[in-house]
Every structure is written in C-alpha cells, then in structure tokens.
Amino acid sequence: MKKTLTFVLLAFLFCLNGKAQSPVEGGYIELTKKEYEDFLNPEEENELNGKYYVREFKDKKLIAIHKIEYLKGKKHGEWVHFLVFRKKGTLDLSTIENYEDNERNGYYYNSDNGFTFTEEGYYEKGLKVGLWNVSKGGSNEKINYKNGKKHGDYWRQDASGVIVKGAYKKGKKLDNWTIEDLAGNTKTVQDPKIPTQIPNTLPVAGGLKTIKGDVKKPDGSVVPIAVIKLQISDTSCAYAFSDYDGKFNLEIDTSKITNGSYFEIVIEGFPKKVISYSDFSDQNTIVLENGRAKVSYEEYRSYYESMKDCQ
C-alpha cells in the first residue's frame with residue numbers, strides 16, 4: 001500500500017511540474033487558495049467544472065496540495081490531498097476521496113501517514129458500506145457497514161493486545177460478544193464497552209446518529225480542513241475534519257451527550273472556537289470569530305495530531 005501511495009504522489013507532482021501555461025484538454029488547472037475560496041462564495045453560484053489543484057503556502061513554504069474535480073458545480077471524481085506532517089516535515093498523502101453528484105461515493109482513505117491514525121473503506125451515495133479498517137492510538141478495528149450503519153461482524157484489538165469480537169445489526173450491538181485477554185482466555189459478555197462508555201450524567205435522549213455540520217468564517221465563506229472536536233465528557237471525545245467545502249460528519253451515540261458536552265474548533269489564523277453541543281444542534285453551523293489570539297500553523301498541526309488519541 002505504501003509503495004502505491006508513494007507512486008501516486010510522485011506521479012501527481014510530475015504532472016503539476018510538467019503542465020503548460022494553458023492546460024491541455026483533460027489536464028489540471030491551478031487555483032490559488034483565495035481563488036478557490038472565492039469560487040465557493042455562498043452568495044454566488046459555483047461554476048467550477050473540470051480538474052483543479054490548489055497549493056497552499058505558509059511563510060513561502062509549500063504545506064499542502066489538493067487535487068480536486070467538479071462537474072457542473074458539484075464535487076465529482078477522485079479528490080486527493082497531500083499535507084506536510086509536522087513530525088516528518090515532508091509532503092505526504094493525507095486523504096483520498098471519491099465523489100459523485102456532491103456525495104462521497106467509492107474508495108476513501110484518511111491518515112496522518114502512519115503516525116497514529118488511518119481509516120480506509122468505501123462509501124455508497126454518502127453512506128459507509130462494507131468493511132472499514134481503522135487504526136487509532138495503537139488499536140485496530142475491522143467494522144462492517146450497511147447503509148451507513150454498523151452491520152455485521154466486528155473485530156477490535158486494543159493497543160494492549162486485548163481482542164474484542166462481536167456483531168452489529170442496523171447499528172445496534174447483538175448479544176454474545178467475546179473478549180480475549182493477553183493469556184488467551186475468552187469470556188462472553190452482553191455489553192462490551194467499545195469504547196469505554198461515559199457516565200450518564202445529565203443525559204440527553206438520543207442514540208447512534210451521524211451529526212452533520214459545517215464551519216464558516218465570519219464573512220460566511222467556508223473553512224476547509226479545520227479540526228472539529230466534540231468533548232463528550234471529561235474522559236471521552238470524538239473528532240472530525242471539515243472537508244474542502246467546510247462540511248463535517250461525526251458518528252456518535254447521542255445518549256452519551258450531557259449538558260456539559262461542547263465542540264472545540266481549531267484552524268490556523270483564527271482564535272480557537274468553543275460552542276456547547278446544545279447551541280450547535282440548534283443551527284448545525286459553527287461560525288468562527290475574529291480576534292488577536294490566532295492559532296499558529298504549528299499549534300494547528302500539533303492539535304491535528306493530538307486528536308488521534310480521542311476515545
């Protein structure tokens with residue numbers, strides 16, 4: 001897999017370096033980050049149609065490349081994102097997405113390039129389907145999905161080596177899960193804690209649900225690749241990253257949400273934003289604020305990587 005991803009990066013960079021001033025038919029058109037954001041002005045109709053790439057710079061250093069495609073103003077085809085990871089300092093593959101008619105449809109890959117987090121699977125009309133492989137903080141999971149809900153066999157090995165096996169049906173756990181300890185001893189349980197459940201303090205009625213939202217700047221333009229953290233309790237959190245249209249999805253058990261649960265949003269160039277879950281659920285849009293305490297690029301990258309430890 002690593003050799004394939006390296007080849008994709010080298011081939012794509014070669015294509016960029018070899019393009020003419022006027023791209024040939026089927027080639028890529030370069031947009032600056034500002035040009036791309038202007039195209040997505042919420043007050044204007046999106047007229048993007050074709051293949052594009054966007055390069056981002058910080059202090060005259062290249063920090064990201066985004067290969068994107070639109071068909072009549074809608075996301076289409078394969079989107080590939082390369083980022084400079086703080087621990088490595090080189091440009092590496094971060095995300096592969098496939099779109100059809102503005103919805104994820106096809107292969108999906110997201111990783112911090114092997115440091116702490118990788119997820120890989122397939123979407124069908126915006127919903128997760130089939131087998132997904134997820135590694136996070138030293139643990140590994142194999143999760144089956146149907147119509148966006150966990151459905152079928154489940155397997156997880158924690159960083160400690162403990163193995164949990166079971167099954168879901170339409171997002172709900174079935175009975176008779178097994179836990180195998182490091183000595184090879186196996187026991188059957190009715191309700192394994194995956195991950196550790198949160199005390200039901202001031203619970204809000206709910207269940208397994210996909211929370212959708214978007215992040216915007218004070219002027220209404222979108223905020224791509226922002227870190228969105230949902231602090232569910234003192235010991236549990238979930239996270240997501242906004243896509244290049246500022247949208248994000250979080251799959252959580254809303255019955256674990258409390259009156260103290262809140263969102264925390266971090267993106268370079270803006271102050272950290274904190275908003276309660278209840279305030280967010282009223283509008284599903286998070287608007288950043290202007291201010292002097294702006295997050296630096298180094299702070300953003302550090303926060304980005306720390307999210308992989310969320311449980």
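The set of residues in the stretch 98-138 being out of contact with any helix residue (DSSP H, G or I) (no Cβ under 7 Å at 6 or more places or on another chain), surrounded by fewer than 17 Cβ atoms within 10 Å (Cβ to Cβ) and small (Gly, Ala, Ser) consists of 106, 114, 126, 130, 138.
Taking (1) farther than 21 Å from residue 267 by Cβ; (2) of a type in the set (D, E, K, R); (3) modelled with pLDDT of 65 or more in turn, residue 19 satisfies each apart from (3). Among residues of the stretch 143-170 that are on the phi < 0 side of the Ramachandran plot, those with a Cβ under 6 angstrom from a residue that is among the small types (Gly, Ala, Ser) and part of a loop (DSSP other than H, G, I, E, B), sequence gap 6+ or separate chain, pair up as 149/171; 150/171; 159/138. Keeping to the stretch 210-265, report how many residues are among the small types (Gly, Ala, Ser) and without any contact (Cβ under 8 Å) to a residue 24 or more places away in the chain. Qualifying residue count for the region: 1. Return the residues of the stretch 270-293 that are part of a loop (DSSP other than H, G, I, E, B) and under 19 Å from residue 241 (Cα atoms); say none if nothing qualifies. Scanning the stretch 270-293 gives 270, 271, 272, 283, 284, 288, 289.
The values are calculated or read from the model by the stated rules, or taken from the named source; none is laboratory data. As the structure is a computational prediction, the values presented were derived from the model and not from experiment. All Cβ positions, glycine included, derive from the backbone under ideal geometry; neighbour counts span all protein chains shown.
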